[in-house]
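Values quoted throughout were computed directly from the atomic coordinates according to the rules given, and no laboratory measurement underlies them. Computed from a prediction, not measured in an experiment: that's the story for all the values here. With ideal geometry, Cβ positions are generated from the backbone for all residues, glycine too; neighbour counts draw on all protein chains shown.
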Amino acid sequence: MPSMAGEIVQAVALLRAGELVAFPTETVYGLGADAGNPAALAKIFAAKGRPADHPLIVHLPSTAHLSRWARNIPDIAFALANAFWPGPLTLILERTSIVPDALTGGQDTVGLRVPNHPVALALLDAFGSGIAAPSANRYGRISPTSASHVRDELGDGVSLVLDGGACAVGIESTILDLSRGLPALLRPGAIRVEQIERVCGESPGLIGSPEPFSAPRVSGSHAAHYAPATPLRMVATERLRDTLDAQRQAGRRCAVLTYSQPGLIESHHLLRMMSAEPAGYAHDLYAAMRDLDASGAELIVVEAPPGDEGWQAVVDRLRRAAVGSGTALDDDRP
Ligand code: TXA
Ligand code: MG
């Protein structure tokens, strides 16, 4: 087995040669390429099957690199970087001329973050520049939170997969647009709006989210995203029993994701117990969806999580999974 230090040297050589390297971050695994090399960026879009107009996030070794990639940087960007980097917050800022068009889909802005994972930071330090990386999944599918998920998704489409174990956060970074006046939440994540507001001094609600996270500029914001192949339906806790009974009577086996009702699920169905805390739930969510997707169940039934703010990012991903899997949003009916 090669050592991680040796693999980082190999990864840097591959990146310099314009090849792809998958690497762990604290959120999900990224499919990385030299952010300054348009030919390398094209390989990301090809490997993922991702439309070329969907911009990529650039991962930076530290906040000191910010001004190479972004200009007209507002003070709150530095305040947020100080507060949350390295960490799961992506800032959308005006881009500088070194940012290739291929990276931004021709937009005048760029997404930047410093990830909080020792392997990602070692790679970025050794590379010494920005690494563009979307989540290392096929377009529209569930983001990978382990090295084996990446291999399942991309196979030979990636030269090297650095294995940093399971991702601590488990869902993608919060995306905040700082490029046009008031900050706007483009994608909820582990860094919550109230934490951002505490740093920005903006009053709640000022951080807008035009249409629930559906700005067309964000590919992850398309309603159908993060989708398993098996239909997935979110069901309110009170209706879980009726829904499952009806499915059993119809002879359908369900895979059930629940955080509060393990006793309800009889052996006809497959049970996956989730954390009753949003952070723990997010950590396990994508691995659980992958397992249940592969279980042979005809329907994935998800107990709808609580409505409070701390659950916003998890609920966002579950909704997209429901839409992406082809079932109606929040369809309660059995
Ligand atoms: O946690 C994460 O953010 C992971 C890890 C690997 O860092 N990356 C990730 O990348 O989720 P991706 O490409 O799967 O999602 C990035 C999202 C996309 O929805 C993209 O459209 C949006 O960020 N984005 C990137 N640049 C943007 C820009 N200039 N303006 C608006 N949205 C942007
Ligand atoms: Mg993605």
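With angles folded into 0 to 90 degrees, how steeply does helix 118-127 sit against the dominant principal axis of the chain? Use alpha carbons for both and round to 10. Roughly 30 degrees between the two axes.
Less than 5 angstrom separates the built amide H of SER275 from those of TYR281, all sequence-distant by 5 or more or on a different chain.
Treating each Cα of region 245-312 as one equal point scatterer and applying the Debye formula with no solvent, the log10 of I(q)/I(0) at q = 0.26, 0.28, 0.29 Å⁻¹ comes out as -1.18, -1.29, -1.34. Computed 3J(HN,Hα) for region 61-75, one whole-Hz value per residue from the Karplus formula 6.51 cos²θ - 1.76 cosθ + 1.60 where θ = phi - 60°, is x, 6, 4, 4, 7, 3, 6, 6, 9, 10, 10, 6, 6, x, 4, glycine and proline marked x.
Distances between placed amide hydrogens fall under 5 Å for ALA227 paired with ARG141, ILE142, all partners being 5 or more residues away or on another chain.
With semi-axes defined as the square roots of five times the eigenvalues of the C-alpha gyration tensor, the equivalent ellipsoid of region 1-67 measures 20, 16, 13 Å, largest first. Note on region 1-113: Kirkwood hydrodynamic radius from all Cα pairs is 14.9 Å, rounded to one decimal. Each of HIS149, HIS268 was scored by other Cβ atoms within 10 Å of its Cβ. Listed from fewest to most, they are HIS268, HIS149. The amide H of ARG71, built 1.01 Å from its N in the peptide plane, has GLU94, ARG95, THR96 as neighbours under 5 Å, considering only residues 5 or more places off or on other chains.
Only Cα sites of the chain enter the Debye sum here, all with the same form factor; the resulting log10 I(q)/I(0) across q = 0.06, 0.08, 0.12 1/Å is -0.21, -0.37, -0.81, listed in q order. Taking only the C-alpha atoms of region 35-175, Rg followed by Dmax gives 14.5, 43 Å. Local charge for GLN247 was computed over the other residues whose Cβ lies under 9 Å away, with Lys and Arg +1 and Asp and Glu -1, and equals +1. Counting Cα-Cα pairs of region 72-153 in 5 Å increments starting at 0 gives whole-percent bin shares of 3, 12, 17, 21, 24, 15, 6, 2, 0.
Taken about its Cα centre, the chain carries a charge dipole of about 520 debye when Lys and Arg each add +1 at the Cβ and Asp and Glu each add -1 at the Cβ. In region 91-132 the Cα-Cα distances spread across 5 Å bins starting at 0 as 5, 21, 27, 18, 18, 10, 1 percent of all pairs. Please tell me the relative contact order of the chain in percent, rounded to the nearest whole number, where contacts are Cα pairs under 8 Å and at least six residues apart. With pairs under 8 Å counted, the relative contact order is 19 percent. Here region 146-202 yields Rg over Rh of 1.17, to two decimals, using C-alpha coordinates and the Kirkwood radius.
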